[in-house]
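Below: one structure, written as structure tokens.
The values are calculated or read from the model by the stated rules, or taken from the named source; none is laboratory data. These numbers come from a predicted model, not from an experiment. Heads up, the Cβs are rebuilt from the backbone with ideal geometry, glycines too, and the neighbour counts pull from every protein chain shown.
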């Protein structure tokens with residue numbers, strides 16, 4: 001028998017692990033030195049057919065083995081010459097610490113993993129996975145490099161570009177006179193072209209094969225332009241850009257794997273285009289290890305060549321706003337330093353770089369590295385007056401690349417816009433008061449074509465190309481040929497599933513796609529409110545963006561870094577710090593990782609509003625202040641979206657949100673083993689919620705009032721803004737008997753709030769079991785306060801406000817407004833974790849009028865797929881959620897289990913078919929808190945049916 005088992009193990013190994021990540025990142029080569037990397041992976045599902053597998057329970061993992069190797073070849077051969085865990089009992093799905101390897105600065109390794117599928121003696125080992133590489137960055141101080149910049153003496157005389165006559169349009173006037181209609185003073189500097197620098201360094205490699213190479217790079221002044229400082233190339237290949245915003249005075253650097261671009265035995269070149277006005281410093285260190293194990297280090301220093309770039313980019317108006325400055329790039333293509341990282345580039349006129357003071361504290365940026373993604377136009381149109389209008393069909397954060405074919409010098413006006421004007425031209429004078437207009441000067445190229453590309457970041461969907469003088473041949477060439485006009489987007493790596501949502505409702509499909517495209521396009525190297533105007537993170541925005549991002553792509557590190565930034569740099573509204581507690585909690589709920597909570601516990605606790613807690617009543621009591629000042633109550637933004645909310649010293653919105661922040665803090669404290677804090681925070685949340693339901697409920701109206709006028713013992717404010725009941729429903733655990741009345745009140749209000757509060761309103765409706773109402777609001781085909789209205793306005797990304805009428809300086813580049821990306825899988829399909837990291841989860845569709853829907857949700861263990869199709873003629877509503885019949889399909893990843901909740905059946909039946917066999921489901925009775933889990937559960941309508949404990953694999957439930 002033993003011989004037979006061994007023979008079968010050898011013959012049948014099943015699918016090997018895949019999607020290896022180190023520190024939740026894809027092949028990171030700049031892990032902070034002297035820290036412990038964590039490896040995790042996904043085990044693909046096996047769908048047993050006949051005798052293809054010889055083990056019982058092939059989708060159960062009982063053991064794993066991790067190896068770390070010094071070369072990729074050894075890792076592929078299963079040789080862990082650096083470290084070998086041996087066989088370890090358990091599934092390893094929480095991640096494996098690689099704590100026995102050297103993680104000092106500038107190290108590189110390859111890791112692979114195999115697992116044992118099955119149970120007991122029939123378990124079989126898979127082959128090893130494809131290896132993944134990882135390594136450490138150059139450390140806090142770089143001994144082989146020093147900061148440099150271009151010597152100011154290399155600057156050309158300062159000039160400006162005279163705009164062609166066609167570029168002088170009348171300034172667009174505002175049609176509204178709200179508080180956002182007055183143009184602010186834009187941030188500008190004299191001779192802003194002095195910030196441009198071209199840098200070039202030579203690297204002479206030994207004549208022997210290279211095993212690996214990492215380019216570490218950083219720059220200083222990120223705050224003036226609120227974007228990156230440099231773009232770097234190696235031997236003509238784009239390496240990356242950076243750095244991102246520091247958290248607490250450190251300088252962040254990034255590491256780029258450049259192994260495949262280096263050529264042994266010859267000169268290799270690093271080229272950099274950089275921009276900084278105030279603290280002009282760039283530093284890079286290239287670490288190279290050869291196959292024989294020897295190591296070389298190369299770094300920036302006085303041997304690098306450099307020049308100020310103000311002849312290529314003359315002084316110009318800013319394309320920025322009142323909070324950041326970035327000059328328009330009026331490119332002189334005949335002077336542009338094409339090919340500065342190419343070996344044959346002529347640098348004979350360049351001077352040596354000047355060295356600068358060292359950085360005090362360098363820290364690796366713990367996120368994946370943004371890259372360039374090329375988007376081709378979806379349409380081009382030539383106007384009657386000879387301009388080209390290009391539509392990329394989606395928001396782009398970056399710039400464009402033009403290839404102009406001209407026989408003589410030609411100035412071309414390039415305009416970018418988020419939307420079009422009424423006459424079909426590009427609205428380059430943005431609603432946020434940016435002016436996205438540049439003049440590029442082209443000359444005839446050696447091959448007929450002259451190329452030029454943008455450097456900095458703009459956010460646009462449309463581009464307009466307008467020759468300074470009639471040039472119909474040039475415009476026709478651009479219009480007719482592919483790749484003459486392309487968008488070069490600077491995107492955070494996105495590994496989401498392109499068809500992760502589909503339904504029978506075309507509006508829902510369009511809204512989900514808009515949300516998905518926005519997250520893909522606008523994540524950047526930190527979560528930002530908008531790359532158009534503010535270019536900084538905000539707490540509520542980050543909470544929403546993180547939830548949307550994680551519902552599309554299991555990539556938590558960008559959100560973690562953004563929340564870390566905000567924990568150290570809070571903004572002003574009363575509500576905003578509270579969202580940081582929710583964000584840390586919800587990320588743990590999604591990923592199963594408590595690392596952020598443990599590392600930043602004291603900062604998280606400091607976000608709680610304890611200084612305003614009235615011990616006698618249990619309520620938050622404070623003066624409302626002004627929403628634009630620290631600890632001023634916001635409620636909603638813009639103010640016109642507050643549904644008439646009336647402020648008092650007790651604010652229902654603040655208290656409801658605070659109760660959730662205390663409840664979430666209690667969850668986190670309990671998971672971390674902080675028993676006393678968990679008890680205390682849970683008690684605060686419970687007392688606060690009890691006080692909300694006692695003192696802020698208006699039984700006659702069936703809704704919550706906006707607050708109390710003078711304090712905890714004050715009078716109720718006789719007003720019921722939608723926000724008060726929406727926040728109570730989402731965050732304050734409304735008593736079960738009140739839920740139908742609160743839902744009816746909100747149903748009558750509709751979408752009487754902003755895009756921001758819409759996520760709270762919809763989330764509360766789904767949580768309370770009134771998903772049909774939420775479905776209708778997301779899928780609304782018309783009306784001003786709808787996502788479809790954003791699409792109708794030509795938005796390439798989700799908008800800050802529903803329309804310009806509601807906020808005249810609205811921008812079309814706010815990823816936090818993409819909440820349907822998480823609301824649809826979590827609400828419409830009802831996919832929610834019962835245990836952190838989806839080791840156990842529930843699927844509870846709330847179909848409403850949406851007859852069919854299908855979702856693929858990426859989680860730690862793989863991809864959860866859930867779909868339903870409603871049968872019969874009954875259309876569920878918020879008041880009557882029952883269906884005639886329904887089929888639900890669920891794919892449970894390896895390492896997870898699922899419960900399915902079937903909506904109430906009009907027949908009242910309690911039996912269902914599970915994978916073709918009749919089973920008796922558990923009727924939920926009153927329908928609330930019916931299943932056990934780590935997290936507070938949603939409410940399920942009376943008569944819902946529970947099918948419990950589905951194992952890994954694909955299951956079909958018919959009711």
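Data table
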quantity: Criterion (touching a helix residue (DSSP H, G or I) at 6+ places or on another chain (Cβ under 6 Å), under 22 Å from residue 180 (Cα atoms) and either assigned by TED's automatic domain parsing to the domain that holds residue 505 or free of Cβ contacts under 8 Å to residues at least 40 places away in the same chain (or both)) met by exactly one of 820, 815; calculated: 815
quantity: Count of residues meeting criterion [within 26 Å of the chain's Cα centre (by Cα) and free of Cβ contacts under 8 Å to residues at least 60 places away in the same chain] in segment 721-758; calculated: 2
quantity: Residue 582 modelled with pLDDT of 95 or more, more than 15 Å from the chain's Cα centre (by Cα), outside any loop (DSSP other than H, G, I, E, B) and surrounded by 19 or more Cβ atoms within 10 Å (Cβ to Cβ); calculated: yes
quantity: Members of segment 284-324 found to be assigned to a loop (DSSP other than H, G, I, E, B) and under 23 Å from residue 352 (Cα atoms), listed by number; calculated: 300, 301, 302, 303, 304, 309, 310, 311, 312, 313, 314
quantity: Yes/no for residue 772 being over 30 Å from residue 491 (Cα atoms), out of contact with any strand residue (DSSP E or B) (no Cβ under 7 Å at 6 or more places or on another chain) and not assigned by TED's automatic domain parsing to the domain that holds residue 851; calculated: yes
quantity: Options 644, 707, 648; residue that is closer than 24 Å to residue 739 by Cα, in the same structural domain as residue 720 (by TED's automatic domain parsing) and touching a strand residue (DSSP E or B) at 6+ places or on another chain (Cβ under 9 Å); calculated: 707
quantity: Segment 600-627, residues that are farther than 28 Å from residue 826 by Cα, within 27 Å of the chain's Cα centre (by Cα) and assigned to a helix (DSSP H, G or I); calculated: 602, 603, 606
quantity: Test set (1) modelled with pLDDT of 95 or more; (2) more than 19 Å from residue 320 (Cβ to Cβ) - residue 177 fails condition number; calculated: (1)
quantity: Matching residues, segment 65-88, being within 17 Å of residue 290 (Cβ to Cβ) and part of a strand (DSSP E or B); calculated: 69
quantity: Residue in segment 546-561 that is in a loop (DSSP other than H, G, I, E, B), touching a helix residue (DSSP H, G or I) at 6+ places or on another chain (Cβ under 6 Å) and under 19 Å from residue 368 (Cβ atoms) present; calculated: yes
quantity: Pair list, Cβ < 9 Å and 6+ apart or interchain, from segment 108-126 residues that are at positive phi to residues that are in a strand (DSSP E or B); calculated: 118/61; 118/62; 118/124; 120/62
quantity: Subset of segment 884-897 [over 27 Å from residue 838 (Cα atoms) and in contact (Cβ under 8 Å) with a residue 60 or more places away in the chain]; calculated: 885
quantity: Verdict on residue 60 being at negative phi, surrounded by 18 or more Cβ atoms within 10 Å (Cβ to Cβ) and touching a helix residue (DSSP H, G or I) at 6+ places or on another chain (Cβ under 7 Å); calculated: no
quantity: Hits in segment 63-82 - residues which are farther than 20 Å from residue 861 by Cα and crowded, with 17+ Cβ neighbours inside 10 Å; calculated: 67, 68, 69, 70, 71, 72, 74, 75, 80, 82
quantity: Selected residue (criterion: surrounded by the most Cβ atoms within 10 Å (Cβ to Cβ)) from residues of segment 905-934 that are modelled with pLDDT of 95 or more and at positive phi; calculated: 915
quantity: Total residues in segment 785-797, condition under 30 Å from residue 939 (Cα atoms) and touching a helix residue (DSSP H, G or I) at 6+ places or on another chain (Cβ under 7 Å); calculated: 2
quantity: Verdict on residue 685 being free of Cβ contacts under 8 Å to residues at least 24 places away in the same chain, over 28 Å from residue 818 (Cβ atoms), touching a helix residue (DSSP H, G or I) at 6+ places or on another chain (Cβ under 9 Å) and crowded, with 21+ Cβ neighbours inside 10 Å; calculated: no
quantity: Strands (runs of 3 or more DSSP E) (entirely within segment 181-261) containing at least 1 residues that are free of Cβ contacts under 8 Å to residues at least 60 places away in the same chain and touching a strand residue (DSSP E or B) at 6+ places or on another chain (Cβ under 7 Å); calculated: 230-234, 237-242
quantity: Of all residues making up segment 759-795, the number that are touching a residue at least 40 places away in the same chain (Cβ under 8 Å), within 30 Å of residue 424 (Cβ to Cβ) and not in a helix (DSSP H, G or I); calculated: 6
quantity: All positions within segment 825-865 that are in a strand (DSSP E or B), closer than 21 Å to residue 775 by Cβ and touching a helix residue (DSSP H, G or I) at 6+ places or on another chain (Cβ under 8 Å); calculated: 832, 853, 855, 857, 864
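A quick yes/no check of all residues on (1) buried (at least 18 other Cβ atoms within 10 Å of the Cβ); (2) at pLDDT 95 or above; (3) within 28 Å of the chain's Cα centre (by Cα); (4) in a loop (DSSP other than H, G, I, E, B):
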site: 393; (1), (2), (3), (4): no, yes, yes, no
site: 397; (1), (2), (3), (4): yes, yes, yes, no
site: 413; (1), (2), (3), (4): yes, yes, no, no
site: 438; (1), (2), (3), (4): yes, yes, no, no
site: 483; (1), (2), (3), (4): no, no, no, yes
site: 487; (1), (2), (3), (4): yes, yes, yes, no
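Conditions tested, residue by residue: (1) out of contact with any helix residue (DSSP H, G or I) (no Cβ under 7 Å at 6 or more places or on another chain); (2) more than 24 Å from residue 413 (Cα to Cα); (3) in the same structural domain as residue 197 (by TED's automatic domain parsing); (4) surrounded by fewer than 18 Cβ atoms within 10 Å (Cβ to Cβ).
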{"position": "289", "(1), (2), (3), (4)": "yes, yes, yes, no"}
{"position": "292", "(1), (2), (3), (4)": "yes, yes, yes, yes"}
{"position": "295", "(1), (2), (3), (4)": "yes, yes, yes, yes"}
{"position": "302", "(1), (2), (3), (4)": "yes, yes, yes, yes"}
{"position": "307", "(1), (2), (3), (4)": "no, yes, yes, no"}
{"position": "313", "(1), (2), (3), (4)": "no, no, yes, no"}
{"position": "321", "(1), (2), (3), (4)": "yes, no, yes, no"}
{"position": "324", "(1), (2), (3), (4)": "yes, no, yes, no"}
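Table: residues versus (1) within 15 Å of residue 475 (Cα to Cα); (2) out of contact with any helix residue (DSSP H, G or I) (no Cβ under 6 Å at 6 or more places or on another chain).
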{"position": "397", "(1), (2)": "no, no"}
{"position": "400", "(1), (2)": "no, yes"}
{"position": "403", "(1), (2)": "yes, yes"}
{"position": "408", "(1), (2)": "yes, yes"}
{"position": "417", "(1), (2)": "no, yes"}
{"position": "429", "(1), (2)": "no, yes"}
{"position": "433", "(1), (2)": "no, yes"}
{"position": "437", "(1), (2)": "no, yes"}
